[in-house]
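Beneath this line is the structure, given in structure tokens, with notes to follow.
The values are calculated or read from the model by the stated rules, or taken from the named source; none is laboratory data. From a predicted model like this one, the values you see are computed outputs, not experimental measurements. So basically every Cβ, Gly included, is an ideal-geometry build from the backbone, and we count neighbours across all protein chains shown. We work out accessible area using only protein heavy atoms, side chains counted, and drop any ligands, DNA or RNA first. Shrake-Rupley method; radii C 1.70, N 1.55, O 1.52, S 1.80 Å.
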Amino acid sequence: ELEPIFEDVPVGVYYFDPVLWAKENDITAGVDDTHFGPSVQCSRAQVVTFLWKAANSPEPTTTENPFEDVKETDYFYKPVLWAKENEITAGVDDTHFGPSVKCSRAQVVTFLWKAMDAPESEFEVTFTDVPVGAWYYNAVAWAAENEITSGSGNGQFGTSNICSRAQVVTFLYKTYNN
């Protein structure tokens, strides 16, 4: 019988397997020893770090850090340099990464899609909040086609909803275990 991994991740919730996978693969631990924090909103620094760890923590080839708000001592320093050099994300502007800025579902899926080398998708997006031509359209199409997301309900993707830790690890889990 399965045992809960964290007090706030009961057996049977949609994110149980993703959290177990993320913990076993050192992508993320809990917010403390006994809690995962599934509903805690994810920041840009956290999402990029999860992505970097899911990619086996590759060393960035650049040592040039264009961001005033990213220091060499930050846990997200290497993940940010890696994400920038691999064109997964730029900053919120030319000199700021915005590590504490909360990440929307559209941003997280776009980061993930770019981390997978932006694969082409002919999938027709039917979510009412994902207009053709939107900067995140191709990423959402890819994610829907590959069953990484089925949206947030009521025919919507939840484009601007802030992504929770449970949602981010579920997106990652479905991408890497498809």
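Brief remarks follow.
- Qualifying residue in region 97-120 (condition: of a type in the set (Ser, Thr, Tyr) and either at pLDDT below 95 or over 17 Å from the mean Cα position of the chain (by Cα) (or both)): no
- The condition of being over 14 Å from residue 43 (Cα atoms) and outside any loop (DSSP other than H, G, I, E, B) holds for only one of 140, 168, that being 140.
- Cross-chain or 6+ apart pairs with Cβ under 7 Å, region 5-30 first and without any contact (Cβ under 8 Å) to a residue 24 or more places away in the chain, then in a helix (DSSP H, G or I) and of a type in the set (Lys, Arg): 29/23
- Residue in region 119-127 that is crowded, with 19+ Cβ neighbours inside 10 Å, out of contact with any strand residue (DSSP E or B) (no Cβ under 6 Å at 6 or more places or on another chain), closer than 23 Å to residue 165 by Cα and not hydroxyl-bearing (Ser, Thr, Tyr) present: no
- Taken as a whole, the condition of being open to solvent by less than 10 Å² (accessible area, probe 1.4 Å), under 14 Å from the mean Cα position of the chain (by Cα) and closer than 11 Å to residue 113 by Cα does not apply to residue 169.
- Neighbours by Cβ (under 7 Å, 6+ apart or cross-chain): first from region 136-165, on the phi > 0 side of the Ramachandran plot; second surrounded by 15 or more Cβ atoms within 10 Å (Cβ to Cβ) and hydrophobic (A, V, I, L, M, F, W, C): 151/127; 151/157; 155/127
- The requirement of being open to solvent by 60 Å² or more (accessible area, probe 1.4 Å), polar (S, T, N, Q), within 29 Å of residue 156 (Cβ to Cβ) and part of a loop (DSSP other than H, G, I, E, B) is fulfilled somewhere in region 97-111, by at least one residue.
- On the stretch given as region 132-166, residues that are among the acidic types (Asp, Glu) and more than 16 Å from the chain's Cα centre (by Cα) total 1.
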